[in-house]
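This report concerns only the one structure given below.
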Amino acid sequence: MSSPEGSTVTFRRPPATLRKRSLAAFARRLELQVARGKPFDCLLTGDAELRRLNRQFRGLDYATDVLSFPSAIPSGRLGDLAISVARARAQARRFGHTVEREIHILMLHGLLHLLGMDHETDGGRMARAEKRWRARLGLPGGLIERQAPRREPV
């Protein structure tokens with residue numbers, strides 16, 4: 001589902017249980033509020049494609065829930081997101097909310113990466129931004145919060 005001048009949400013195989021218009025509206029909301037009017041594109045697909053993309057672009061041979069691909073050319077678009085609907089479904093069950101809500105969480109997380117944030121290297125900047133945006137958007141706990149704290153070797 002796409003908007004001619006804004007962000008797009010594309011389904012590889014649209015699941016009957018997801019409301020396409022609602023997801024497109026949420027992408028547009030993220031574009032306007034979080035990305036300050038800069039559009040992005042989001043592909044909702046399966047684990048196999050996320051695994052292939054993760055292997056191809058990051059050298060990691062496993063499926064993941066969301067990948068972000070910042071635009072390499074100054075086109076006005078921020079870039080692309082790829083989200084695994086299968087991972088979103090499993091995580092939604094685990095955390096007790098809808099698949100659509102989980103896709104919202106993944107879309108926000110991926111968009112923050114498109115905006116240049118990196119929770120692995122930024123000293124908590126992305127985690128703070130994600131927490132603020134989740135509160136504003138009415139979303140439950142995000143990806144960064146869910147990660148178990150890393151233990152330092154003894």
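Given the options 11, 95, 40, state which has the largest fluctuation in a GNM of the chain using a 10 Å cut-off (strictly under) for Cα springs.
Between 11, 95, 40, it is 95 that shows the largest mean-square fluctuation.
Taking springs between alpha-carbon atoms closer than 10 angstrom, which of 72, 92, 35 fluctuates most in the Gaussian network model of the chain?
72
I want to verify a result. In a Gaussian network model of the chain, Cα cutoff 10 Å, which of these has the top mean-square fluctuation: 134, 93, 58?
58
Please name whichever of 84, 106, 17 sits farthest to the positive end of the charge dipole of the chain, dipole taken about the Cα centre and charges placed at Cβ: Lys and Arg +1, Asp and Glu -1.
It is 17.
Can you compute the charge dipole magnitude of the stretch 5-102 about its Cα centre, using +1 on each Lys and Arg Cβ and -1 on each Asp and Glu Cβ, nothing else charged? Give it in debye, rounded to the nearest 20.
The calculated dipole for the stretch 5-102 is roughly 240 debye.
Grab the other residues whose beta carbon is less than 13 angstrom from that of residue 51, score K and R as +1, D and E as -1, and report the net. Intermediate values should be presented prior to the final figure.
Details: positive: 52, 55, 58, 87; negative: 47, 49, 61, 65.
Computed value for this residue: 0.
Quick check: net charge around residue 69, other residues with Cβ under 10 Å of its Cβ, Lys/Arg +1 and Asp/Glu -1? Spell out each step's value before the answer.
Working: positive: none; negative: 41, 80.
Taking every other residue near residue 69 into account, the sum is -2.
Can you compute log10 of I(q)/I(0) for the stretch 8-140 with the Debye formula, treating each Cα as one identical point scatterer, at q = 0.20 Å⁻¹?
-1.31
No lab work stands behind these numbers, since they all come straight from the coordinates. Values in this document were obtained by computation on a predicted structure and should not be read as measured data. Here the Cβ is made from the backbone with ideal geometry for all residues, glycine too, and neighbour counts use every protein chain on show.
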